[in-house]
1. What are the pairs, 6+ residues apart or on separate chains, where a residue within the stretch A:195-208 that is hydroxyl-bearing (Ser, Thr, Tyr) has its Cβ under 8 Å from a residue that is assigned to a loop (DSSP other than H, G, I, E, B)?
2. Being out of contact with any Gly (no Cβ under 6 Å at 6 or more places or on another chain), within 12 Å of chain B (Cβ to nearest Cβ) and farther than 30 Å from A:LEU420 by Cβ is the requirement here; does A:ALA305 meet it?
3. What are the residue pairs meeting all of these: first residue in the stretch B:88-110, first residue more than 26 Å from A:LYS83 (Cα to Cα), second residue assigned to a helix (DSSP H, G or I) and at pLDDT below 95, Cβ atoms under 8 Å, and 6 or more apart or on different chains?
4. Pick from A:GLU134, A:GLU125, A:GLU155: which is within 14 Å of chain B (Cβ to nearest Cβ) and either among the hydrophobic types (A, V, I, L, M, F, W, C) or within 26 Å of A:GLU260 (Cβ to Cβ) (or both)?
5. Among the residues of the stretch B:92-108, which ones are among the aromatic types (Phe, Trp, Tyr) and either at the interface with chain A (Cβ under 9 Å from one of its Cβ atoms) or out of contact with any Phe, Trp or Tyr (no Cβ under 8 Å at 6 or more places or on another chain) (or both)?
6. Can you name the number of the only condition in (1) in contact with a strand residue (DSSP E or B) (Cβ under 7 Å, 6 or more places away or on another chain); (2) within 25 Å of B:ILE163 (Cβ to Cβ) that B:GLU80 fails?
7. Are any residues in the stretch A:255-273 touching a Ser or Thr at 6+ places or on another chain (Cβ under 8 Å) and farther than 19 Å from A:ALA232 by Cα, and if so, which ones?
8. Please work out if A:ARG114 is modelled with pLDDT under 95 and within 22 Å of the chain's Cα centre (by Cα).
Number of protein chains: 2
Amino acid sequence: MHTVRTFATMHCMTQQVNTSTLKGFKELLPQEQMAFNAMLETIRTTYESYGFIPLDTPVLERAEVIRAKAGGETEQQIYEFTKGTTDYAMRFDLTVPLARYVAEHERELAFPFRRYAIGKVYRGERPQAGRLREFYQCDIDIIGKGEISLSADAELPHIINDIFSQLITVPFTIRVNNRKTLNSFFSSLGVETDTALRALDKLDKIGPEGVRTELTEQGISADAIDKILAFATIKGTNAEILNTLEDMGVECAELRYVAEHAPVQIDLSIARGLAYYTGTVYETTLDDYLEIGSVCSGGRYDNLAGMYTNTALPGVGVSIGLSRLFDQLTARELIPLGASTPTRVLVVGEAGELPSALRQSGTPTEQAATDDISKALKYANKLGIPYVVIVGDEERAAGKYTLKDMQTGEQETLEKDAILAQCQTKTTT
Amino acid sequence: MHTVRTFATMHCMTQQVNTSTLKGFKELLPQEQMAFNAMLETIRTTYESYGFIPLDTPVLERAEVIRAKAGGETEQQIYEFTKGTTDYAMRFDLTVPLARYVAEHERELAFPFRRYAIGKVYRGERPQAGRLREFYQCDIDIIGKGEISLSADAELPHIINDIFSQLITVPFTIRVNNRKTLNSFFSSLGVETDTALRALDKLDKIGPEGVRTELTEQGISADAIDKILAFATIKGTNAEILNTLEDMGVECAELRYVAEHAPVQIDLSIARGLAYYTGTVYETTLDDYLEIGSVCSGGRYDNLAGMYTNTALPGVGVSIGLSRLFDQLTARELIPLGASTPTRVLVVGEAGELPSALRQSGTPTEQAATDDISKALKYANKLGIPYVVIVGDEERAAGKYTLKDMQTGEQETLEKDAILAQCQTKTTT
């Protein structure tokens, strides 16, 4: 369709402009938008049910604030510009604004500061295979002043579990690892954690022999390599893995605490993001769709805002990349698409106080733009509106209303109170 | 505080960056953010209760899309930049993206297309006296294909009325006027509507004699000027104004329809935005705070998307500038600031299933980060958490919980079910 419109734009309507969205930018049709918003709402209410405070920071920041935290690949992806004498940058995540906010308002906040943020972030990536340049992140973080209890690390998986149990019907696993456990193991071998992880990260691709070659080139002994490969393939229940680690003399107290207090599976192969995180790390995968990758990741960091303040602000947090998750789930039909409107009842004809009574009872109600019943039914059908109330001359004379159930096609003529009761029951079931 | 931090940044912590927000950009502290979000939620649920469909378009658009609609002052305020080969612009309102969206997805939408949009828009204004460069707009529009019934013009004031009745406790007035009525009157005098309105717009400032001088300079006869000044000062009830207009032979059928079907007050002096609108126009003012200006404005337009499609798309819509409204209301203490967190119950100590049972019953519940009761009470106090549940050794032994009401200071020791019932009652009242 985009091609057709572009063609039309160029050849027939030269005064008109290209109305497709930019590459990497997405907008949804009503039915998808309704489903997306329902997911957002589940995330938001669950975050709030655990007492996280909403935070909404500007999309534009001082370029120096954004640059101070962006490294390597991310730096090239920043949308930056100058207007007047100001250098602006668009946020590329919600963590940098959080760090700046906490540094700025440190004295006005209560700690631990539990905040959630749901908002769009911007990355000028090459828009290949599903990569978005504008997408939603849904973050929670618990920030301490000076210190933060390990119970925070154990709390987050409960929240993730609550959310995904509502969002999807397929099984998922919250995986945890701990940077201190890895450091303890690798340092006992005299190997740098990062060197080992870089090689282990390729285990799936190049196999154990490939990893062996790479580690040998780094000057690591055959004996140490055997142990590294054995470590990376430790499997079992949490208790089995923890026992194995203890037998090996590897530090795993934090990992044990989290595993014993949260719905998680220990996975010693999680390496992503470990350069940034300093303790617990999380990844969440859908058991039958591992190719999607992690749908909710995060971890603990010792110092959130070292670039912006001298106060030590340790924290732990996770982020759901909702736009990408939504795309992946809808592509696999794992999200039910329902109505294209919030309207539950479409009213055709003059219905007096009924529409506002329905609204007050929590039932979104729309007055049809037409009195033509067949046109109104067609409209209700197209949008997936479940009920239509018809008030014709006959009904008006009798002080009644005809309620049509659009799914079954059944209709009954009822009095106002019965309509209210009926629609309220039907909308809440 | 910003000055202090900047000083510190420059002299003591040279590696650190300025953490204040950019000029014209605002962020809220938790207590304000909670109040702001409650207002957003009222607007959102009311829009949905009338069956408006959520729409969320990108913040960044093709620069040509934004430029096609921006004129004069607005054009200079656009945040524009180039990255790679793409010219980007940030949206300056939610109407341009709506027009582009409807043009792009015309064949996939059901008409009338009733949509709401709540989102941030960007204007690089001089950030003088309270002008924001990033602010929320909350829009609803009803777009027809080819035509749209006048009942839509009458529906919008009901929605505005519902919203403001919930948002504020002070009286407000939804004022309406109609471009066709003005055209009818001015053309009967042989005067251009825009010429007359430009002069009348200064009535408050320069007085009737000033307006007379200005209109005389435009070559308008003394007799016509008398009539224009009389017209501009027509006051009374809607019925009185309409009767006067009819006696004068001025076209006012649309104005009469809206006045008779909606909670509005006719105000013939509304001129703002009339260059864009083609029929009904709305402004909403707070009766005791007229200096704030209109807090919700809009109107009817014949053709939403002429730049983007050849299909005629008439519509009618209104917009609430929520960020500015919030600033104005909080400055006058017209918005009650309450808690700094969604948490209703803070749990101190190990409480088993109680926290998740509370959450499931709709009561946001937070596990305290500390077992120290006095520290936890201090935290609850600082955040405005209304209830604290304490589980000490005594309570645990008895299978009970101590519930403390933070406002009255009263506390009772209760069983789990009683706590649940108590907190549920207390949170819903």
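1. A:THR195/A:GLN218; A:THR195/A:ILE220
2. Considered against the rule, which asks whether it is out of contact with any Gly (no Cβ under 6 Å at 6 or more places or on another chain), within 12 Å of chain B (Cβ to nearest Cβ) and farther than 30 Å from A:LEU420 by Cβ, A:ALA305 comes out as yes.
3. Listed pairs, sorted by first residue: B:ALA99/B:LYS69; B:GLU104/A:ARG5.
4. So the residue among A:GLU134, A:GLU125, A:GLU155 that is within 14 Å of chain B (Cβ to nearest Cβ) and either among the hydrophobic types (A, V, I, L, M, F, W, C) or within 26 Å of A:GLU260 (Cβ to Cβ) (or both) is A:GLU155.
5. Selection gives B:TYR101 alone.
6. Answer for B:GLU80: the failing condition is (2).
7. Within the stretch A:255-273, A:VAL258, A:HIS261 qualify.
8. For A:ARG114, the condition - modelled with pLDDT under 95 and within 22 Å of the chain's Cα centre (by Cα) - is not met.
The values are calculated or read from the model by the stated rules, or taken from the named source; none is laboratory data. Here the structure is a predicted model, which means the values were calculated and not measured. Neighbour counts are summed over all protein chains in view; Cβ atoms, including those assigned to glycine, are modelled from backbone coordinates with ideal geometry.
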